[in-house]
Amino acid sequence: MGLKNLRHMALVCSSEENADLFFVNLLGLKKSAPKTVSPALSEAIFGVNFELRVVNYENDDIHFEIFIDSRQSKKGERLEHICLEVDDLPVFLQKCRSLNVNIIQVPKGDSLLTFIHDFDNNLFEIKG
């Protein structure tokens, strides 16, 4: 039995406004109506005893499940990241600049690795 499909990626954003700006305005994904996870269920799954607000952003090929938690720290090193492929890297990077999204480009051999952070410090590798 092998891996069949990536169903969704779950991340945390500090506000729905930050999530909308990044996932709708920059990535062009469709937003679904927010839902909540009860304190009992969030305790059983995540070990936190409070209601969690969840917003989904998706298109036909990709699905992000975003937990809204204003307590998230923006400090600290993060190694986890999601790699996204875009149709036109220069156009995408221009859109990032227009939204004040920080772009990190690092040489690796003959290529250039490109990363961005969303407004809550989630890290994304971008391939063109």
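Here are some notes:
- Of residues in the range 97-128 being within 14 Å of the chain's Cα centre (by Cα) and in contact (Cβ under 8 Å) with a residue 60 or more places away in the chain, the one nearest to S14 (Cα to Cα): D120
- Filter result for D88 (charged (D, E, K, R) and in contact with a helix residue (DSSP H, G or I) (Cβ under 6 Å, 6 or more places away or on another chain)): no
- A44 fulfils the conditions (1) at pLDDT 90 or above; (2) small (G, A, S); (3) over 15 Å from I66 (Cα atoms) except for a single criterion, (1).
- For the range 107-124, a tally of residues being assigned to a loop (DSSP other than H, G, I, E, B) and of a type in the set (F, W, Y) returns 1.
- Single match in A19, A10, A33 (criterion: at pLDDT 90 or above and assigned to a loop (DSSP other than H, G, I, E, B)): A33
- Qualifying positions in the range 1-55 - of a type in the set (V, I, T), in contact with a strand residue (DSSP E or B) (Cβ under 9 Å, 6 or more places away or on another chain) and surrounded by 13 or more Cβ atoms within 10 Å (Cβ to Cβ): V12, V24, V37, V54, V55
- Residues that are assigned to a loop (DSSP other than H, G, I, E, B) and modelled with pLDDT under 90, drawn from the range 70-88: S70, R71, Q72, S73, K74, K75, G76, E77, R78, L79, E80
- Taking the criterion of being touching a helix residue (DSSP H, G or I) at 6+ places or on another chain (Cβ under 8 Å) and assigned to a strand (DSSP E or B), the only residue of the range 92-106 that qualifies is I103.
- Among the residues of the range 62-71, some residue qualifies, meaning at least one is over 23 Å from L29 (Cβ atoms) and either under 18 Å from the mean Cα position of the chain (by Cα) or surrounded by 16 or more Cβ atoms within 10 Å (Cβ to Cβ) (or both).
- In this entry, I45 is excluded by the filter for residues that are outside any loop (DSSP other than H, G, I, E, B), within 14 Å of the chain's Cα centre (by Cα) and on the phi < 0 side of the Ramachandran plot.
- One residue from L89, L93 being surrounded by 11 or more Cβ atoms within 10 Å (Cβ to Cβ), farther than 21 Å from A10 by Cβ and touching a Gly at 6+ places or on another chain (Cβ under 8 Å): L89
The values are calculated or read from the model by the stated rules, or taken from the named source; none is laboratory data. All values reported here derive from a predicted model rather than from experimental measurement. Using ideal geometry, Cβ is built from the backbone for each residue, glycine included, and neighbour counts are taken over all protein chains shown.
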